[in-house]
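Quick notes on the structure that follows.
The values are calculated or read from the model by the stated rules, or taken from the named source; none is laboratory data. All figures in this text were calculated on a predicted structure; none of them were measured in a lab. In this analysis, Cβ positions are derived from the backbone assuming ideal geometry, glycine residues included, and neighbour counts consider all displayed protein chains.
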């Protein structure tokens, strides 16, 4: 970008020079600032599970965990974003990989993060000192400014999906970060207190002495177990004529999204069925947990296998088709857009 | 009450006469209007399960279901309320009794109701046409202005606890009622749709095509199953040093109370332990599900057995003691008081 | 009311006796509990300003201020309420009268109150120590549990309208009261701080060092001046085809009602025009500030003069007609009903 | 930015090549992603009123209004943003200039805008067809997706300040824009309906037939007049020991910010006084309405005259000092940060 515009008229050119010197720019020379519809730089793209696993494993062999930030993370870089390590203009998505016995020590930051487990087990994540073992299909939250670390207790390496709102927090120039120097990390094997208090049943919240005194900006339930999610999807698909079922992961103390910046959902599509084509403002990251099929995004088609990740840009039409029963995790920036009154959504006719 | 006051001064007496004629009353002659603390007319009282069962059974023998309102209901009448059929100045509590094969046909009204099952099974309640079989320990909501009826599919009679906010709605002069003349009642055996959509796991809400479009004033989850409640209580009591665990039943779409007028909780006290003495504004109805012990309310002590019901008046100090592990359902008018900024609560020292 | 029912069948009669002994009442013998529509005990009634002024003045001559509660108050007693000193089942309305130099010393209570000035000036009300001089057309709030007193600085007696939610707080058994023994009362003549901070213009709230740190349950603006109200009504009636204009007094920090239990509005009807017939659940108290006309309430008609007060019961159809331009203050319990999801409103056709 | 990293180890280099080919980037090679505190690209900068007026006037002579978007706008370009036409990473600020008789025809877009009038009068802005004449000190809102245009009815040219959330909406890839082809523009001289309904007094909202049926995401009051603002500041500075007074412009129906993305305030500092040094996350744009003084921002000092504009970057310490009584308009992105739980604020000691 430039602050300097040119014309063929000498007086205007003088004006443009003086404007540039004064750090002013003429609107009438700018083009593409206000487009009729979103023109996202983010492009539709898919990352293959098979490829990511291999590269993560090679990273595990070559790169020690304590190199550069104590995290062994491969960030998905959207080809439309000019080399930025972001899956969309608003979201960071990455695979993280830990060898048996390795520890990614606690730190905290204003970007909010979540972990979705596409495969394996053996790693515990601590959230403000509360230890959460993670297994296939689980969603684990490490909300903004909570201390979080990871430790592989298991016998095998484990890879999982990380999604952060980092590009948004960066665009808003509000990044804060602290490594944990004083905070002890209880890598215990006790059950998660958050789960004990909030994770036992629908609509049941602790009261009395175990009640929380003040509402946090994020869900106090920091893990959503696959067993519950699976049962909820099964119940939705038992409803008459249902071929697609979707659950939203919510803060049980508000019914709202799990964190102020990220919406999380899981959709199940029966074999042979498709979701209806739709579009919405904001980016959506999809992670395939089970099954195979394909995604259509604008004029592209991505075949999908378990573990694959793909991104749908803002206002891009998409649908999912299941060859075998398909379970797909979906994460979007929709809560940001809703808070700012910028969310739009459309179901489209074939 | 009277509009006519008397004095010993002739001029004042004339004034009082003219005030009475003008439908005016002198504040300075009224006493007890503004007391330092609540002076509830509601008194502490306990109803025995054994007695209620016997009387309900005799009613079942003598009174057909279609007599007077199509409900075989025995209302607990607080001795402090001068013969009103209310358990407190604000709450209605009653036992309802259905013989095998009997139907209490649907109607709806502005008072909100709940059913808590202290024993037995076999009856289904329909809520806006959604059929909910009820078993021991379940909480079922029939919120304000929802169509609701009951049918005993089982082989034995069933009695359960009804609680309504009827005295409040009556005091506000806002009673509406409709019998169901046109609304078909599907006494089916299909699973409850509300339960399928909202009752499958903590923090999981239907999204996409099964999402609800607009928020209702009450919980869309109309049944809370004992299995979930029991597991949640168990988890709370697994926390360090816990001897009392309490869960609140909440609207999973808001985290708030299940209905705008009634708060529902279940507390478990380990054998030998007691709750801390406490008091709060508003009335509380307690129903013993499991175990035995006693309740102290102000200067009275009630021994408690499974199925017993008792009421704690506004601002009365109470505690619960468990001889054997005790599970007690609690229903109060606290949401009303909180909405109106009239709720106060105190934990008291021994 | 009675806990004892009778039948002509011996076995049933025995049952009824045993029920009564057990403090249980058979629902099937109760009648009129659930009516199709509200059957308010409150009846439509009007109190004449001329009569109230005369009686207040006689009270001023005969009754010292320190008699019985330090308030010289005449409560309007609805003839339908069996002698209760309430204008409706839910509202207290009264005229209060202070002679020059008299003081009604501060106290506080959980019932919320407002003062509407139908005529005169000279009295200041303090709200938590903030002194508010009151003049004709002003609305002054003394919200629940705020210290409040009155002092007549002026040269003449002053009478004003008090409205409280006392019957509601009493029905909920949550009355608390404290006389002011320690709280100094600055009967100063400084401008009201609440007014300086919140009362200067539409949509303008103090920020920075003068901002309020936490939201109260009621409006921090405790006085609404007639000059502003008059100007707002004038602006509404300048809109095309407007013959009726109504403003709602709101909490400027929320846009909601001024207090959790009372809604306040002022309506102006141009000479010769009428409001549309309407009804709503809950009671409404009307106070005529300016003009003359009449009110139709169900099948009754009340002629109206400046200073008259009348009450419209729950779900009763009413309209206002202006002979000369009519300004009417309206206070209702609608916020209570809305909080509890019991509010209904209908505009009716002629 | 690049997707390609390099190392000095052949195996790692091979890995890096394969990662780049797979659109993956190694986190451990990225630096500066998570900084301890915000490191804004936005830098402190001031634009001089005198300079902007001259350049706007020259643009008026040389550039017709219908050139490039029908707006004669000079965007302040922050020198830290690499040529982007934004005053901060999150805000657009510009001066707009209209000659007598000129019209900037209506259009609408998802970015929200406001107009603050630092000098002059004569231009009307229409907001969804409601015509608002603008004069010195007024704040006018043209919220997201509202139709808005400008027309100069006056005898002289007029320049004003525009602030938009454009960079945020752009970063979120949610720009929508529509020129007005069908929407008639009533360039009338009738008073603004929004102002008549919502702009008459503190806490007074239209009710009954003039009430708004549904809450919009922005304030229904679209103009805040200088007379009201000035009076409110005067009242705050009448409070004991006050040397700085600040009012926030709010949505009178919610008490919240005027629009979901922009906070607006006006601060007055008495001659010789200073604001306390402070910092907050997010950018703030300041426009001097009256008086002179200076601003300290981190280690820089800007002298201030009426009409000057300056920007304070995220988390930068600043204070204002008044040589003569100083009135400064402040616009920030704080509502965005609060909605996303990213807002932090500190008062600092000298």
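Search the range D:41-80 for residues being under 21 Å from residue D:167 (Cβ atoms) and more than 8 Å from chain A (Cβ to nearest Cβ), and hand back the single one that is farthest from the chain's Cα centre (by Cα).
Top of the filtered list is D:80.
Residue-by-condition table, conditions (1) touching a residue at least 24 places away in the same chain (Cβ under 8 Å); (2) in a strand (DSSP E or B); (3) surrounded by fewer than 20 Cβ atoms within 10 Å (Cβ to Cβ):
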residue	(1), (2), (3)
A:61	no, no, yes
A:64	no, no, yes
A:71	yes, no, no
A:80	yes, no, yes
A:101	yes, no, yes
A:105	yes, yes, yes
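Table: residues versus (1) away from chain D (no Cβ under 14 Å); (2) out of contact with any helix residue (DSSP H, G or I) (no Cβ under 9 Å at 6 or more places or on another chain); (3) modelled with pLDDT of 95 or more.
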position	(1), (2), (3)
A:294	yes, yes, yes
A:300	yes, yes, yes
A:310	no, yes, yes
A:317	yes, yes, yes
A:327	yes, no, yes
A:332	no, yes, yes
A:336	no, no, yes
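Got at least one residue in the range B:342-349 being at pLDDT below 95 and either in a loop (DSSP other than H, G, I, E, B) or closer than 20 Å to residue B:80 by Cβ (or both)?
Checking the range B:342-349: at least one residue is at pLDDT below 95 and either in a loop (DSSP other than H, G, I, E, B) or closer than 20 Å to residue B:80 by Cβ (or both).
Find the residue count for the range A:8-17, including only residues that are facing chain D (nearest Cβ under 9 Å) and assigned to a loop (DSSP other than H, G, I, E, B).
Matching residues across the range A:8-17 total 1.
How about the range C:107-137: which of its residues are at pLDDT 95 or above and assigned to a loop (DSSP other than H, G, I, E, B)?
C:110, C:111, C:112, C:117, C:136, C:137
Condition test on residue D:236, is it under 30 Å from residue D:337 (Cβ atoms), surrounded by 21 or more Cβ atoms within 10 Å (Cβ to Cβ) and touching a residue at least 40 places away in the same chain (Cβ under 8 Å)?
Criteria not met by residue D:236.
Here are C:201, C:255: which of them is over 21 Å from the mean Cα position of the chain (by Cα) and free of Cβ contacts under 8 Å to residues at least 24 places away in the same chain?
From the options C:201, C:255, the qualifying one is C:201.
What is the one condition in (1) within 19 Å of the chain's Cα centre (by Cα); (2) more than 30 Å from residue A:284 (Cβ to Cβ) that residue D:121 does not satisfy?
It is condition (1) that residue D:121 fails.
Exactly one of (1) modelled with pLDDT of 95 or more; (2) farther than 30 Å from residue D:337 by Cβ is unmet by residue A:93. Its number?
Unmet condition: (2).
What tally of residues in the range A:301-350 results from selecting those that are free of Cβ contacts under 8 Å to residues at least 40 places away in the same chain and closer than 27 Å to residue A:55 by Cα?
Adding up the residues that qualify gives 2.
Look at the range D:18-40 and say how many of its residues are more than 7 Å from every other protein chain (Cβ to nearest Cβ) and surrounded by fewer than 16 Cβ atoms within 10 Å (Cβ to Cβ).
Going through the range D:18-40, the residues more than 7 Å from every other protein chain (Cβ to nearest Cβ) turn out to be D:20-21, D:31-33, D:39.
Still in the running and surrounded by fewer than 16 Cβ atoms within 10 Å (Cβ to Cβ): D:21, D:31-32, D:39.
Total meeting the criteria: 4.
For residues in the range C:123-158 being crowded, with 23+ Cβ neighbours inside 10 Å and either free of Cβ contacts under 8 Å to residues at least 40 places away in the same chain or within 14 Å of chain B (Cβ to nearest Cβ) (or both), which is nearest to residue C:327 (Cα to Cα)?
Among those that are crowded, with 23+ Cβ neighbours inside 10 Å and either free of Cβ contacts under 8 Å to residues at least 40 places away in the same chain or within 14 Å of chain B (Cβ to nearest Cβ) (or both), it is C:141.
Considering each of D:237, D:172, D:204 in turn, give the residue that is under 29 Å from residue D:284 (Cα atoms), at pLDDT 95 or above and in contact with a strand residue (DSSP E or B) (Cβ under 8 Å, 6 or more places away or on another chain).
Answer to the selection: D:237.
If I go through the range A:106-122 residue by residue, how many of them are within 15 Å of residue A:145 (Cα to Cα) and more than 14 Å from every other protein chain (Cβ to nearest Cβ)?
Taking the range A:106-122 and keeping what is within 15 Å of residue A:145 (Cα to Cα), we get A:106-114.
Pick out the ones that are also more than 14 Å from every other protein chain (Cβ to nearest Cβ) and you get none.
The total comes to 0.
Tell me which residues, restricted to the range C:242-281, are over 23 Å from residue D:203 (Cα atoms) and more than 10 Å from chain D (Cβ to nearest Cβ).
Across the range C:242-281, the qualifying residues are C:270, C:271, C:272, C:273, C:274, C:277, C:279, C:280, C:281.
Mind counting the residues in the range D:82-93 that are in contact (Cβ under 8 Å) with a residue 12 or more places away in the chain, under 18 Å from the mean Cα position of the chain (by Cα) and at the interface with chain A (Cβ under 7 Å from one of its Cβ atoms)?
Within the range D:82-93, residues that are in contact (Cβ under 8 Å) with a residue 12 or more places away in the chain, under 18 Å from the mean Cα position of the chain (by Cα) and at the interface with chain A (Cβ under 7 Å from one of its Cβ atoms) number 3.
Residue by residue, here is whether (1) closer than 26 Å to residue B:91 by Cα; (2) in contact with a strand residue (DSSP E or B) (Cβ under 8 Å, 6 or more places away or on another chain) holds:
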site: B:134; (1), (2): yes, yes
site: B:137; (1), (2): yes, yes
site: B:144; (1), (2): yes, yes
site: B:155; (1), (2): no, yes
site: B:163; (1), (2): yes, yes
site: B:178; (1), (2): yes, yes
site: B:211; (1), (2): no, yes
site: B:220; (1), (2): yes, no
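If I ask for residues that are more than 7 Å from chain D (Cβ to nearest Cβ) and in contact (Cβ under 8 Å) with a residue 40 or more places away in the chain, which ones from the range C:212-226 would you list?
Scanning the range C:212-226 gives C:212, C:216, C:217, C:218, C:222, C:223, C:225, C:226.
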